[in-house]
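The values are calculated or read from the model by the stated rules, or taken from the named source; none is laboratory data. Computed from a predicted structure; not experimentally measured. Positions of Cβ are backbone-derived with ideal geometry, glycine not excepted, and every protein chain shown enters the neighbour counts. Accessible surface is based on the protein model in full, side chains and every heavy atom, while ligands, DNA and RNA are left aside. Shrake-Rupley method; radii C 1.70, N 1.55, O 1.52, S 1.80 Å.
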Amino acid sequence: VDLDDPLLAKATITPFQLGPGQGARLTVDMTLPKGFHAYLEEFKLKALNPQDLKISQPKVTPTVEWFDKYSKRNRQGMKEKAQLTAEIEAPLNPTGALTNFEVELMYQACSDQFCLFPIPRK
């Protein structure tokens, strides 16, 4: 387990190939080691290639709730296994070929002992 970046993530896009203006679903299967959790509101997606790829607000399921000793309130997020989904739409006038998509997933994970800074993951 990489304690600096503990999230295991595997992304897929369905359908696999997109034409200009076509939509698809991005699915990220995520796993955290036992004892870690990630805050729901810290999951963010950003298009890197193509930069004008449209991405909807991500949804994470299932979510769990716990009392967070750092913020002293109940928080929601994921523990162990969850799936993130978002709708994407290819640009109508792409500047290059729509063969490789690169998206950045931002998340923040904590254990009972420490919290990591938000981590970007391609």
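Quick notes on this structure:
- Accessible area, probe 1.4 Å, largest first, for residues Leu116, Leu40: Leu40, Leu116
- Relative contact order of the chain, taken over Cα pairs closer than 8 Å and 6 or more residues apart, is 32 percent.
- Per-residue packing, averaged as other Cβ atoms within 10 Å, sorts the ranges 60-67, 105-112, 21-28 into the order 105-112, 21-28, 60-67, beginning with the highest.
- Protection proxy ranking of 13-20, 29-36, 51-58 - average other beta-carbon atoms within 10 Å, highest first: 29-36, 51-58, 13-20
- Positive dipole terminus of segment 1-112, leading residue within Gly19, Thr95, Leu105 (C-beta point charges): Leu105
- Taking a straight Cα-Cα cut-off under 22 Å and skipping sequence neighbours fewer than 8 places away in the same chain, the lysines within cross-link reach of Lys10 are Lys34, Lys44, Lys46, Lys54, Lys59, Lys79, Lys81, Lys122.
- Applying 1/(1 + (r/R0)^6) with R0 = 41 Å to the Cβ-Cβ distance of Leu98 and Leu3 gives a FRET efficiency near 0.65.
- Taken about its Cα centre, the chain carries a charge dipole of about 260 debye when Lys and Arg each add +1 at the Cβ and Asp and Glu each add -1 at the Cβ.
- Overall, the accessible surface of the chain at a probe of 1.4 angstrom is composed of carbon and sulfur to the extent of 52 percent.
- Model label points for Thr12 and Glu65, set 7 angstrom from Cα along the Cα-to-Cβ axis, are 3.2 nm apart.
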